[in-house]
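Sending over a structure as structure tokens; questions will come in a sec.
The values are calculated or read from the model by the stated rules, or taken from the named source; none is laboratory data. Remember, predicted model here, so these are calculated numbers, not experimental data. With ideal geometry, Cβ positions are generated from the backbone for all residues, glycine too; neighbour counts draw on all protein chains shown. Keep in mind that these areas ignore ligands, DNA and RNA; they rest on the heavy atoms of the full protein, side chains included. Shrake-Rupley method; radii C 1.70, N 1.55, O 1.52, S 1.80 Å.
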Amino acid sequence: MNSPHLFSFGGGVQSTAALVLAATGRIDYRSFVFANVGDDSENPGTLAYVRDVAIPYAESSGLELTTLQRKRRDGTIETLLERVERSKRSIPIPVRMSNGAPGNRQCTFDFKIRPIAQELKRRGATKDNPWTVGLGISVDEIHRARTNSGIAWELLAYPLLDLKLNRHDCLALIRDAGLPQPPKSSCWFCPFHDTRTWQEMRANQPGLFEKSAALEESINEKRGRLGRDRVFFSGRCKPLREAIKETGQIEMEGCDGGYCFT
Ligand code: SF4
């Protein structure tokens, strides 16, 4: 690769496989950056995996794995949950409107894409000297790959697609490196979760499920005061506690999520 480059580390299966590939010299990335949407917003399991597994593994392999967070103009950190709770009118996450269509997902741009674009600039990327950002997308999710980043100083690359690796290949790479399987990486309250993911959360992480249901409720209370219709976190277009029935323990599928840019 000719241009300077780094890898956008999402904290899930595909990104971790890319980290293993870099550690074993199979792809040419030395720097990985993890855009953390907030310690109060990201799946706690992902934060623990990045802290306890991925960062130590990167360090022991001579790789850089840095965490970035969105900063306000005054330099303080803003988390996505803070923004959702503070928002009075617009909702910055892709809630389901009453017709089932997802609302805007400004969150991905503001909390994942922009912090990485700013980091590229900080490292010296310009329009005339763009940097390449590697993304962890495997062949089974090729539909998520974009050719244009929309950012003048950023090019995109897909090393897992170049190597024709699918999710199972990624899991095998992680296992062979002696690392545990990463959990799903996404905000715990993401309205892009499918029904299975919500069911898993309700069964295995009831506290997080309750927090999600309470957040959905508080958004709708605010909307009610403004005379607006209800929105939902589930594609079933019912309040979470009604849409997702209680079940017993459910085995996690270990899906990488990858709802965003990760
Ligand atoms: S995981 Fe969902 S809520 Fe979180 S940044 Fe991505 S689209 Fe937004």
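Sequence-distant or interchain residues sharing an amide H contact under 5 Å with GLU78, placed H: which?
Close amide H contacts, sequence-distant or interchain: ARG70, LYS71, ARG72.
Let me ask you something else. Which of rounded, prolate or oblate describes region 122-248 when judged by the alpha-carbon gyration tensor and an a/c cut-off of 1.5?
Values: a/c = 2.79, a/b = 1.49, b/c = 1.87.
Judged from the Cα gyration tensor, region 122-248 comes out oblate (a/c at least 1.5, b/c at or above a/b).
Label 7 Å along Cα→Cβ of ARG86; region 29-45 residues with amide nitrogen under 15 Å?
Counting backbone N atoms under 15 Å from the label point, the list is 38-41.
Carbon and sulfur together cover what percent of the accessible area of region 1-77 at a 1.4 Å probe radius? Can you show the working numbers first?
Details: 1490 of 3100 Å².
Roughly 48 percent, rounded to a whole number.
Quick one: compute a quarter of the convex hull surface over the Cα atoms of region 115-162 and quote it in nm².
Values: hull surface 13.7 nm².
Directional mean of the projected Cα hull area for region 115-162 stands at 3.4 nm².
Convert each backbone phi in region 113-121 into a coupling constant with the Karplus relation 6.51 cos²θ - 1.76 cosθ + 1.60 (shift: θ = phi - 60°), then list the ³J(HN,Hα) values in order as whole Hz, x for Gly and Pro.
For region 113-121, the Karplus-derived couplings read 5, 5, x, 6, 4, 5, 5, 4, 4 Hz, x marking Gly and Pro.
For the chain, divide the Cα radius of gyration by the Kirkwood radius and give the resulting Rg/Rh value with two decimals. Can you show the working numbers first?
Values: Rg = 18.7 Å, Rh = 19.2 Å.
Over the Cα atoms of the chain, Rg/Rh equals 0.97.
Give me, ordered by chain and number, the residues 5 or more places off ALA35 or on other chains with an amide H under 5 Å from its own placed amide H.
Here PHE9, LEU68 satisfy the definition.
What list of ³J(HN,Hα) couplings, whole Hz, do you get for region 153-169 from phi and the Karplus terms 6.51, -1.76, 1.60, once you set θ to phi - 60° and write x for glycine and proline?
9, 10, 9, 10, 9, 10, x, 6, 5, 4, 8, 6, 8, 9, 4, 5, 4
Separate question: For ARG175, ARG146, ARG230, what's the largest-to-smallest order of accessible area, 1.4 Å probe? Working shown, then result.
Numbers: ARG175 155, ARG146 85, ARG230 115 Å².
My answer, sorted largest first, is ARG175, ARG230, ARG146.
Test of understanding: given the chain, find the longest segment containing no GluC sites (Glu not before Pro) that are in a DSSP loop and have at most 12 other Cβ atoms within 10 Å.
Working: sites that count: GLU246, GLU251, GLU253.
The segment 1-245 is the longest one with no such site.
Using modelled backbone amide H atoms (1.01 Å from N, in-plane), which distant-in-sequence or interchain residues come within less than 5 Å of HIS5's amide H?
THR132
Simple spin-label model, 7 Å along Cα-to-Cβ: GLU210 to GLN118 in nm?
Here the modelled spin labels are 3.5 nm apart.
List the extent of the Cα atoms of region 144-200 along each of their three principal axes, largest first, rounded to whole Å.
Ordered largest first, region 144-200 gives principal extents of 40, 33, 16 Å.
Now a separate question. Please list LYS127, LYS112, LYS222 from largest to smallest accessible area, probe radius 1.4 Å, with all protein chains kept in place.
On the way: LYS127 155, LYS112 10, LYS222 45 Å².
Accessible-area ranking of LYS127, LYS112, LYS222, largest first: LYS127, LYS222, LYS112.
Tell me the Kirkwood hydrodynamic radius of region 13-143 in angstroms, computed as one over the mean inverse distance between distinct C-alpha pairs.
Working: mean 1/r = 0.0600 Å⁻¹.
Here the Kirkwood hydrodynamic radius works out to 16.7 Å.
To continue, here is another question. In nm, to one decimal, how far is the ARG225 label point from the ASN129 one, both placed 7 Å along Cα→Cβ?
5.0
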